[in-house]
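Asks: Sharing a structure, written as structure tokens. Questions coming.
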Amino acid sequence: MASNNTRERILQTSLALFNAQGLAAVSTHRIAAELEISAGNLHYHFKAKQLIVDRLFRRFEEQLALLNASSGTVRAIDDLWLALHLRFEAIDAYRFVYRDMAFLAGEYPVLGQRAQALTAQNLLAAQSLCEALRAAGVIEATAEEAQMLALQMVFTTTCWLSFERLVPGRDALQQADPGLAAFYTLTLVSPYVSRESRAYLDYLRGKYLG
């Protein structure tokens, strides 16, 4: 039990450090120092930094897989906002993954390949989501428009943190606002939203822009 607790502490501390300082900047010695354990103790649980990154990446994959599995159940604008908000929360919780993707894929090619597979799964889920909204009459769009909308949504969620780093006056490593990001992504849907479904969109516009 103590061993499992130490492994979990290593993972949680590593996640916090990767998110706060960047994946490239954090070594196993830095993680051990933060935990106030020896480098040998850390090495006993994780023989290389890659194994820590792999485990955290797997947890990120699992969170997005759960969200992707429920994408076809979205039937209203408030459902869509919640789905987006939960997705951005997951991305923010593991923000080193997308924010540091260039380094991650270069340093750990296998994880880069898994990131590509994850993006493909996200795109399929977004397409299912947009088709569900179209079938429910929430959005009025052609099949081609719905497919393009799905692509734009995946692009936005995937590149969100990279964009945040380029905003003037923004701390490149600071925690962002998932709710605001969800609203901005929701505005991609705005041109297609039916008149009957606009009330909640207007409410969100007042909340975030009012």
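Asks: Quick one: length gained pulling ALA135 to ASP54 fully straight, 0.36 nm per residue minus the C-alpha distance? Please report the intermediate quantities before stating the final value.
Replies: On the way: separation 81, 0.36 × 81 = 29.16 nm, distance 3.83 nm.
Residue separation times 0.36 nm, minus the Cα-Cα distance, leaves 25.3 nm.
Asks: At what distance in angstrom do the alpha carbon centres of segment 18-85 and segment 121-153 lie from each other?
Replies: First find each Cα centre; the distance between them is then 28 Å.
Asks: Taking the Cβ of ILE77 as the centre, find all other residues whose Cβ is under 11 Å away and add up their charges (Lys, Arg: +1; Asp, Glu: -1). Walk me through the numbers on the way to the answer.
Replies: Working: positive: ARG75, ARG198; negative: ASP78, ASP79, GLU196, ASP202.
Value of the local net charge: -2.
Asks: Another question, if that's okay. Pick from ARG87, ARG95, ARG195: which is most flexible by mean-square fluctuation in a GNM of the chain where alpha carbon atoms under 10 Å apart are linked?
Replies: ARG195
Asks: A further question on this structure: Could you please report the charge total around PHE57, scoring K, R as +1 and D, E as -1 over all other residues with beta-carbon less than 14 angstrom from its beta-carbon? Present the calculation step by step, with values, prior to reporting the outcome.
Replies: Values: positive: LYS49, ARG55, ARG58, ARG59, ARG95, ARG99, ARG114; negative: ASP54, GLU61, GLU62, ASP100, GLU107.
Cβ neighbours under 14 Å give a net charge of +2.
Asks: Using only Cα atoms and rounding to the nearest 10 degrees, what angle (0 to 90) does helix 77-93 make with the longest principal axis of the chain?
Replies: Taking Cα atoms only, the helix is inclined about 20 degrees.
Asks: Here are several values of Rg and Dmax of the Cα atoms in Å: (1) 17.4, 52; (2) 15.6, 48; (3) 19.3, 63. Which one was derived from the coordinates shown?
Replies: (3)
Asks: OK, next. In debye, nearest 20: dipole of the chain around its Cα centre with unit charges on the Cβ of K, R (+) and D, E (-)? It would help to have the intermediate numbers written out before the result.
Replies: Numbers: 20 positive and 21 negative charges, 87 e Å.
That gives the chain a dipole magnitude of about 420 debye.
Asks: So if each residue of separation counts as 0.36 nm, and I subtract the Cα-Cα distance between MET148 and ARG205, what length gain in nm does that give? Kindly include the intermediate steps, with their values, before the conclusion.
Replies: On the way: separation 57, 0.36 × 57 = 20.52 nm, distance 2.31 nm.
Result: 18.2 nm gained on full extension.
Asks: Just name one of ALA90, LEU23, GLN63: the one whose Cα is farthest towards the positive end of the charge dipole of segment 1-129 (beta-carbon charges, Lys/Arg +1, Asp/Glu -1).
Replies: Looking along the dipole axis, the top candidate is LEU23.
Asks: Kindly express, to the nearest 10 degrees and within the range 0 to 90, the angle between helix 2-21's C-alpha long axis and the longest C-alpha principal axis of the chain.
Replies: That helix lies at roughly 60 degrees to the long axis.
Asks: By how many degrees, between 0 and 90 and to the nearest 10, does the Cα long axis of helix 198-209 differ from the longest principal axis of the chain?
Replies: So the helix axis and the longest Cα principal axis differ by about 50 degrees.
No lab work stands behind these numbers, since they all come straight from the coordinates. Source: prediction; values computed, not measured. Glycine also receives a Cβ, built like all others from the backbone with ideal geometry; neighbour counts cover every protein chain displayed.
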